[in-house]
Amino acid sequence: MVNLAVLISGNGSNLQAILDAVADGDLPGVKVALVVSNRKDAYGIQRAFKHGVPVVYFPKLPYTNAGRPRADYDADLARIVQSFDVDWVIQAGWMHIFTNAFIRVFPNRILNLHPALPGMFPGAHAIADAFAAYQRGAIEHTGVMVHLVPDEAVDAGPVVAQEAVPILPDDTLETLEARIHAVEHRLLVSAIKTVLHIENLRNS
Ligand code: GAR
């Protein structure tokens, strides 16, 4: 069994895509062993509960308030995740950038989902940034990617899957977001299959 930890900060629609794929037998041998949220009101927490998946709510604020460095938070979270026997960490809308204190515990075993193509619009507002760039004529399409997280670079790393997403002349930010999320839900599951397939080949 391959154990995933899915890290979320909000709605968790991509967590839901993974949970559905597992329930439908589309990710054989995979279990969501843990969901971590850094926000108490993240709707994804309810999604995890509905599927009987353990949830850890782990906010950074107490560390910040105590004047402790980010690496302390990251190292403590890595220990918690490890205690659930986790093989792969999936950042699915996780709005926190890990330092090496977390990354080194899961070398080449962290995937990040980002709603833009490689090298484009890093950060928390990628869809709005792409929409604005389209409106000033700078781009014709945007996209989605899933990449490995080898270091502290933001929304960058070896790409496992990517797909272009068109922006249409009559799009609003909401219609573009909906089109991107639909692609994300498919691409994230497909990227998980890809990395696990490569791992199987390596071990065979
Ligand atoms: C997704 O669009 C994901 O790509 C994005 O947050 C959203 C979470 O949606 N992540 C980033 O912007 C990372 N820089 P969800 O909570 O419904 O899965």
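Only residues that are within 14 Å of the ligand (Cβ to nearest atom) and surrounded by fewer than 20 Cβ atoms within 10 Å (Cβ to Cβ) were counted in the range 18-37, giving 1.
Condition check ((1) within 16 Å of the ligand (Cβ to nearest atom); (2) open to solvent by 50 Å² or more (accessible area, probe 1.4 Å); (3) free of Cβ contacts under 8 Å to residues at least 60 places away in the same chain) across all residues:
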| residue | (1), (2), (3) |
| --- | --- |
| Ile80 | no, no, yes |
| Ser83 | no, yes, yes |
| Val86 | no, no, no |
| Ala101 | no, no, yes |
| Pro107 | no, yes, yes |
| Gly119 | yes, yes, yes |
| Val160 | yes, no, yes |
| Glu163 | yes, yes, yes |
| Thr175 | yes, yes, yes |
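Determine if the range 133-147 includes at least one residue that is open to solvent by 30 Å² or more (accessible area, probe 1.4 Å), within 16 Å of the ligand (Cβ to nearest atom) and not in a strand (DSSP E or B). No, the range 133-147 contains no residue that is open to solvent by 30 Å² or more (accessible area, probe 1.4 Å), within 16 Å of the ligand (Cβ to nearest atom) and not in a strand (DSSP E or B).
Quick one: is Ala126 within 11 Å of the ligand (Cβ to nearest atom), more than 16 Å from Leu4 (Cβ to Cβ) and either among the hydroxyl-bearing types (Ser, Thr, Tyr) or surrounded by 14 or more Cβ atoms within 10 Å (Cβ to Cβ) (or both)? Spelling it out, Ala126 is indeed within 11 Å of the ligand (Cβ to nearest atom), more than 16 Å from Leu4 (Cβ to Cβ) and either among the hydroxyl-bearing types (Ser, Thr, Tyr) or surrounded by 14 or more Cβ atoms within 10 Å (Cβ to Cβ) (or both).
With respect to Leu7, determine if the residue is under 21 Å from His181 (Cα atoms) and surrounded by 15 or more Cβ atoms within 10 Å (Cβ to Cβ). The answer is yes for Leu7. If only one of Leu201, Leu196, Leu187 is under 13 Å from the mean Cα position of the chain (by Cα) and part of a helix (DSSP H, G or I), which one is it? Step by step, each of Leu201, Leu196, Leu187 is checked, and only Leu187 is under 13 Å from the mean Cα position of the chain (by Cα) and part of a helix (DSSP H, G or I). If only residues of the range 177-204 that are of a type in the set (D, E, K, R) and under 20 Å from Leu4 (Cβ atoms) are counted, the one that is least open to solvent (accessible area, probe 1.4 Å) is Glu184.
The values are calculated or read from the model by the stated rules, or taken from the named source; none is laboratory data. Everything quoted here is computed from the prediction, not taken from an experiment. Reconstructed Cβ throughout: ideal geometry from the backbone, glycine too, with neighbour counts over all protein chains shown. With ligands, DNA and RNA removed, areas are computed over all heavy atoms of the protein, side chains included. Shrake-Rupley method; radii C 1.70, N 1.55, O 1.52, S 1.80 Å.
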